[in-house]
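Below is one structure; the comments refer to it alone.
The values are calculated or read from the model by the stated rules, or taken from the named source; none is laboratory data. Bear in mind that the values here come from a model prediction, so they are computed numbers and not experimental data. Here Cβ is always computed from backbone atoms with ideal geometry, including for glycine, and neighbour counts include all displayed protein chains.
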Amino acid sequence: MWRWALALVISVGLAVGVTLPKLYKMAQIKGWQPGATVTTRVITDKGVDQGRRGLKHYWVSWANHGGALTRADRDNVSPEDWQSMRVGDSVEVVRVPGDDAAYLRNGVFVEPGNFVFDYVLLAAEIITALVMVILLFMSRRGRTPALTPEFVREKITAANQMIDESLAQHRKELEQIEEQSRNEQSPDLKNHYLKLAEEKRKVIEEIVKTRQSLDDQLKSIQHL
């Protein structure tokens with residue numbers, strides 16, 4: 001039973017502490033939620049960072065201080081947007097509370113694919129939490145016709161599939177962040193990427209724990 005409680009705590013913690021705040025920040029950047037500050041700046045530079053594995057990171061900057069660029073001075077965009085954006089163009093630069101980075105409305109961080117991924121991740125976390133609640137309920141109250149082992153097994157399997165997809169995406173993002181860190185010349189940006197990589201590793205670790213806990217629950221259901 002303690003494994004179910006642990007999985008419940010982890011899944012709720014990931015949803016409340018990681019996924020929901022990220023989705024809310026993304027919504028703030030897009031202008032769908034209040035709280036962000038927006039300033040109009042002019043693009044002063046643009047470029048492409050080449051990674052060792054062939055990854056290319058397209059960025060634009062609005063800095064005019066002449067020093068090393070930080071995450072407050074530039075943002076990554078898609079190759080298509082990068083092609084259409086020119087030095088001298090005006091852009092809306094968005095900042096959210098508690099984050100020293102700056103974002104563009106059309107930046108990679110808020111691409112539609114990232115929204116879809118995080119919504120799928122949130123759904124997996126919610127399903128996992130609900131399954132754990134069902135298991136705890138079954139262990140205390142006894143099985144009911146609607147809460148059969150087959151039902152729980154099906155829900156856990158569905159949650160595992162979504163968690164696997166989430167885990168693969170997070171690992172891919174970690175590789176990209178590590179690649180950016182290795183190729184970044186600016187000390188400030190390198191430290192920023194190292195911090196992001198460490199945070200991403202912690203998220204991956206928690207997701208792996210949830211996945212392992214669900215595997216344990218699948219095995220234990222055989223005895224219900």
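Summary table below
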item: Extreme residue, surrounded by the fewest Cβ atoms within 10 Å (Cβ to Cβ), among residues of the stretch 95-107 that are among the charged types (D, E, K, R) and at pLDDT below 95; result: Asp100
item: Criterion violated by Tyr58 - all others in (1) modelled with pLDDT of 95 or more; (2) among the hydroxyl-bearing types (Ser, Thr, Tyr); (3) touching a Phe, Trp or Tyr at 6+ places or on another chain (Cβ under 7 Å) satisfied; result: (1)
item: Residue in the stretch 95-102 that is among the aliphatic types (A, V, I, L, M), outside any loop (DSSP other than H, G, I, E, B), within 18 Å of the chain's Cα centre (by Cα) and closer than 30 Å to Lys209 by Cα present; result: no
item: Cross-chain or 6+ apart pairs with Cβ under 7 Å, the stretch 172-186 first and more than 17 Å from Leu69 (Cα to Cα), then surrounded by fewer than 17 Cβ atoms within 10 Å (Cβ to Cβ); result: Leu174/Arg201; Leu174/Ile204; Gln176/Leu55; Glu179/Gly51; Glu179/Arg52; Glu179/Arg53; Glu179/Leu55
item: Residue in the stretch 71-91 that is surrounded by the most Cβ atoms within 10 Å (Cβ to Cβ), counting only those that are closer than 15 Å to Thr39 by Cα and over 23 Å from the mean Cα position of the chain (by Cα); result: Val91
item: Tally of residues being under 11 Å from Val96 (Cβ atoms) and hydrophobic (A, V, I, L, M, F, W, C) across the stretch 16-42; result: 5
item: Identity of the residue in the stretch 16-47, under 15 Å from Leu104 (Cα atoms) and among the charged types (D, E, K, R), that ends up surrounded by the most Cβ atoms within 10 Å (Cβ to Cβ); result: Lys25
item: Only one of Ala27, Ala7 that is in a helix (DSSP H, G or I), under 18 Å from the mean Cα position of the chain (by Cα) and either of a type in the set (Gly, Ala, Ser) or closer than 19 Å to Gly113 by Cβ (or both); result: Ala27
item: His65 being assigned to a strand (DSSP E or B) and either free of Cβ contacts under 8 Å to residues at least 24 places away in the same chain or closer than 20 Å to Leu196 by Cβ (or both); result: no
item: Residues of the stretch 80-94 that turn out to be touching a Phe, Trp or Tyr at 6+ places or on another chain (Cβ under 6 Å) and either assigned to a loop (DSSP other than H, G, I, E, B) or modelled with pLDDT under 90 (or both), as a count; result: 0
